[in-house]
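Remarks on the structure that follows.
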Amino acid sequence: MTDLLVRAVRPVPLDRDAPGGTSGSQPLDILIRGGQVAAVGTDLPDAGVPELRGEGRWVVPGLWDQHVHMVQWALVRSRLDVSGTNGVEQVVDRVRAALDTTESPGPDHALTAPLIGWGHRTAGWARQPTVADLDAVSPRRPVVLISGDGHHGWLNSSALRLLDCPPREGVVSENEWFDAYDRLGSLPGAADQAEAAVLEAITAARAQGVVGIVDLEFSPAWDLWPARMAARGPFRVRTGVYASRLGEITARGWATGDPLPGTDGWARMGALKIISDGSLNTRTAWCCDPYADSEDLADPHGLPNFTQDELTQLVGTAHAHGLETALHAIGDRAVRQALDVFRATGATGSVEHAQLVAPGDVPHWAGLPVRASIQPAHLIDDRAATEHCWPDRTRNAFAYRPLLEAGIPLTLGSDAPVAPLDPWLAMAAAVWRGPAGGAAWHPELSLTPGEALAASVDGRRLTVGEPGDLVLLNQDPYAEGGLPGAAPEPLRAAEQARVLREMTVEATVIGGHLVHGG
Ligand SMILES: [Zn+2]
C-alpha cells in the first residue's frame, strides 16, 4: 500500500444521481494514502507524495473481470495463433515467422522447448497437413499445433519423439492426441512456462485497466499467487476452490475475503465454485423445456450435475465456513435450482453465466443476496447455437436488462479463455449485442454504457475510504451517450459500443501503485 496524488482527472459518473456531467465536468485531484482514497477535490495541496498528472483525462475505479481461468488464459495467449488460416502453407508461414523470432542458438532448452500453436481448422483445406510440412520448416525444434476444436495435434518429427508418439505421415488425433496433450503439459519446464505466461497475462490485463480478477482455475491456484505477487507486484485476486478441494480450504480456516498468506492481502479467498449443469454447445445445460433438436439427445432437457440435496449440502457447508458460492448455472432449470439452494441455505454468492433465465424466476432472485456473474462476449459467439437449440426462448437468453431492472447486482467477466480477458469487449457486447459491424440481437435486452461500466468496477466508487484503484482513460466512455440513468438508445448503441471497444487506457493504479502507464 502506498501514496499517490493524481492530478486533474475527470471522474466518470457511475450512478444515476452522480454529480457532474462528463466531458464538461471540472477536473479534480485524488489523493491516495496508505492504498486508500484519502481526499477528492479541486487543487488539493501538495502532499509530499509522488504525483501522477491526469491532464484532464477521464478516471474510473479499477476494472475487474469476475470470471477467469488464469492459467488456461495465459497458456492460450502465449501460444502461436494459427487460427483463421486457409491451408497448410499459411500455417507453415506463421510457424516460420515465429521460429525466426524465438529460435536462438542459445541454451539447448531453447531448441527443445516446443513451439506450441493453436487454432487451425482443416475442414475445407485443399490438402491435409503432414509431419513433413513441419519438418521442412523446423527440422530440430519440436512444433506442436493444436487444432481449433482440440481434437488433433499436428506435430513435426521431433515433437512426435518428444511426446512418445510413433512416426506417421499425418496428425495425431482423438484419444491418442488427448494422451499426448497430457504429456505436453507435464514436460520438464512446462509448469515454469505456464507461470511465466501468467505473469505476462497480468501485465496485459493491467494495460486494459484491470486491477483484479476472480480466478476460477481448475487446479488449486492459492499456493501459486504469492510467487506471482512477488514477481509482478500488486494485482487483486479472489481465488476460487472447487468442491473436491473444499476440505483443504476449510482445514486452513479460510473464509471468503480472507487474505492469502504471503500476498500482502492482494490475493484473497474467493468462493466455492460448483458446476451445477453443462453447457449450451454440448446441449447439456439443464433447461425447463426440451432442446428444440432433442430427438437425438439422451436427456432432452439437459441435466443437472448434482441433486438438489447434494447441492444444498455443499453450499450449506461452504456457508457454515464463511465461504460464498459461485454456482455455475447455464440453463433456466439449473438457475432455478441454484436460486432454491441459495434460499434454502441462506448462502451468499453468485450465479455464474445465467445464460437462460425464466422470467418467472427473476422476482425470486431479486430478493436473494446473489449476484448475476455474466460474460456478455459469449452472446456473440453463442447466438447461432442459441437460435438453434432454444429458438422459442431467445428473449430469455443473455437477458441482462430484466435482471438489472429487477435490482439484481450484475458483475461482468470473460470466462477467459472462452472469451478474451478484455473488460472493454465485455462492456461493448452488453451494449451492442452483436459483432462490430454486424446486427444486434435482441437489442431490448442490452445495457447502457453507464450500466455496463458500473457492473465492471466490483461495486467500487472513487470516494474517500475506498481502495486506491483507478484507471485513466484517453476517451470519455460516454462520448456517444449512455450516462447512468439515461434510457437505452438502440439507434446509438453501435457507436456507444465502439467507444468502449476502442478504449485506450493511459494508466492503471492499484492501491496507490502505478502498475501501468503514467
Ligand atoms: Zn469458467
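None of the figures in this text is laboratory data; all of them are computed from the coordinates on show. Worth saying up front: this structure is predicted, and the values here are computed from it rather than measured. Here Cβ is always computed from backbone atoms with ideal geometry, including for glycine, and neighbour counts include all displayed protein chains.
A few points about this structure:
- Calculated [222 nm] ellipticity per residue, helices only, for the chain: -8500 deg cm²/dmol; basis is -39500 (n - 2.57) per DSSP H run with n ≥ 4, divided by all residues, nearest 500.
- Across the alpha-carbon atoms of the chain, the computed radius of gyration and Dmax are 24.1, 73 angstrom.
- Extension gain (nm, one decimal) between residue 230 and residue 344, 0.36 nm per residue minus Cα-Cα: 36.9 nm
- Whether segment 72-190 is rounded, prolate or oblate, judged on the alpha carbon gyration tensor where a/c under 1.5 counts as rounded: rounded
- Legend: ranking of residues 504, 130 from fewest to most surrounding C-beta atoms inside 10 Å; resulting order 504, 130.
- Length added when fully stretched, residue 51-residue 126, from 0.36 nm per residue minus Cα-Cα: 21.1 nm
- Three-way shape label, segment 137-253, alpha-carbon gyration tensor, a/c 1.5: prolate
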